[in-house]
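Visitor: So that we are looking at the same thing, I have put the structure below in structure tokens.
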Amino acid sequence: MAEDKEREESGEDAVAFVADQMKAGADEDAIVAMLQERGVERGEAQQLVGNVYPEVMRAAEAEEYSSEALLPGLAGGVLAAIVGGAVWGLIVILSDYEVGFVAWGIGFLAGFLVVRFAGGRKGVPLQAIAIVSSLVGIVLGKYIAYVYFIKEAVREQVSEEAADSIGYFDTDVMRAFREDFSNVFGGYDLLWAGLAIFTAWRMARPSGIRPRKSPISGM
């Protein structure tokens with residue numbers, strides 16, 4: 001049992017090594033030679049590279065950025081911002097408590113939907129869309145909760161009618177939100193926003209392997 005586990009871990013390490021060398025730009029023959037230097041038999045090294053290299057290369061080709069992916073990716077980002085912001089705002093309203101890690105989740109949602117709508121494509125333009133979408137979603141969630149609690153305060157202190165007259169698209173409310181921005185966003189908010197940005201960026205980041213046709217031959 002222990003031997004099987006050790007063999008499995010060794011195989012996973014070898015696969016990770018092949019992928020890492022592909023990221024560094026090494027071709028199949030070079031990777032086979034490096035595996036041999038690590039003590040792997042030539043035939044086993046050839047078989048491993050022959051199995052792993054084409055699969056990793058196909059995955060790299062599938063995620064390669066193209067301009068056609070920009071608009072679908074943007075649509076995914078807009079959806080992520082709206083859904084993520086609305087959900088976070090609703091959670092704050094219902095719980096009367098700001099659950100910070102939900103902001104982190106908006107970053108995950110933005111990265112996921114941008115890549116999903118882009119057909120699995122990744123790249124710097126899509127990373128930028130994912131980052132901006134996550135930030136917009138966080139600000140939107142803050143704004144939804146901000147307006148709600150203003151309406152509640154007006155309802156308690158003035159009247160029901162006055163509270164109902166306050167809308168989410170009122171320019172005065174938007175101006176108040178902008179002016180109160182530094183108070184609305186605290187230190188922990190910046191921390192969660194930073195995590196959201198990192199997550200969105202990472203999810204839309206390509207593997208780093210440059211797609212190229214390089215059939216295995218002469219090994």
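The values are calculated or read from the model by the stated rules, or taken from the named source; none is laboratory data. None of the values given here were measured: they were computed from a predicted structure. Every residue, glycine among them, receives a Cβ derived from its backbone with ideal geometry; neighbour counts consider all protein chains shown. Surface accessibility is based on the protein's heavy atoms, side chains included, excluding ligands, DNA and RNA. Shrake-Rupley method; radii C 1.70, N 1.55, O 1.52, S 1.80 Å.
Visitor: Every residue in the stretch 19-50 that is under 26 Å from Ala204 (Cα atoms) and either touching a Leu at 6+ places or on another chain (Cβ under 9 Å) or polar (S, T, N, Q) (or both), please. Reasoning before the result, please.
Guide: So in the stretch 19-50, the residues under 26 Å from Ala204 (Cα atoms) come out as 19-27.
Of everything in the stretch 19-50, just one residue is under 26 Å from Ala204 (Cα atoms) and either touching a Leu at 6+ places or on another chain (Cβ under 9 Å) or polar (S, T, N, Q) (or both), namely Gln21.
Visitor: For the stretch 71-99, which positions are surrounded by fewer than 16 Cβ atoms within 10 Å (Cβ to Cβ) and not in a helix (DSSP H, G or I)?
Guide: Asp96, Tyr97, Val99, listed by residue number.
Residues checked against (1) in contact (Cβ under 8 Å) with a residue 60 or more places away in the chain; (2) within 30 Å of Asn51 (Cβ to Cβ):
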residue: Gly120; (1), (2): no, yes
residue: Ser159; (1), (2): no, no
residue: Ala162; (1), (2): no, no
residue: Thr171; (1), (2): no, no
residue: Ala176; (1), (2): no, no
residue: Phe181; (1), (2): no, no
residue: Ala200; (1), (2): yes, no
residue: Ala204; (1), (2): yes, yes
residue: Ile209; (1), (2): yes, yes
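Visitor: How many residues, within the stretch 144-180, are open to solvent by less than 30 Å² (accessible area, probe 1.4 Å) and under 30 Å from the mean Cα position of the chain (by Cα)?
Guide: 3
Each row is one residue, and each column tells you yes or no for (1) in a helix (DSSP H, G or I); (2) within 31 Å of the chain's Cα centre (by Cα).
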{"position": "Gln21", "(1), (2)": "yes, yes"}
{"position": "Leu35", "(1), (2)": "yes, no"}
{"position": "Gln46", "(1), (2)": "yes, no"}
{"position": "Ala59", "(1), (2)": "yes, yes"}
{"position": "Tyr65", "(1), (2)": "no, yes"}
{"position": "Ala69", "(1), (2)": "yes, yes"}
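Visitor: Within the stretch 100-113, which residues are more than 8 Å from the chain's Cα centre (by Cα) and in a helix (DSSP H, G or I)? Write out each step before concluding.
Guide: Applying the first criterion (more than 8 Å from the chain's Cα centre (by Cα)) to the stretch 100-113 yields 100-106, 113.
Those that are more than 8 Å from the chain's Cα centre (by Cα) and in a helix (DSSP H, G or I): Phe101, Val102, Ala103, Trp104, Gly105, Ile106, Leu113.
Visitor: When Gly50 is evaluated against the numbered criteria (1) free of Cβ contacts under 8 Å to residues at least 12 places away in the same chain; (2) part of a helix (DSSP H, G or I), which criterion, by number, is the only one it fails?
Guide: (1)
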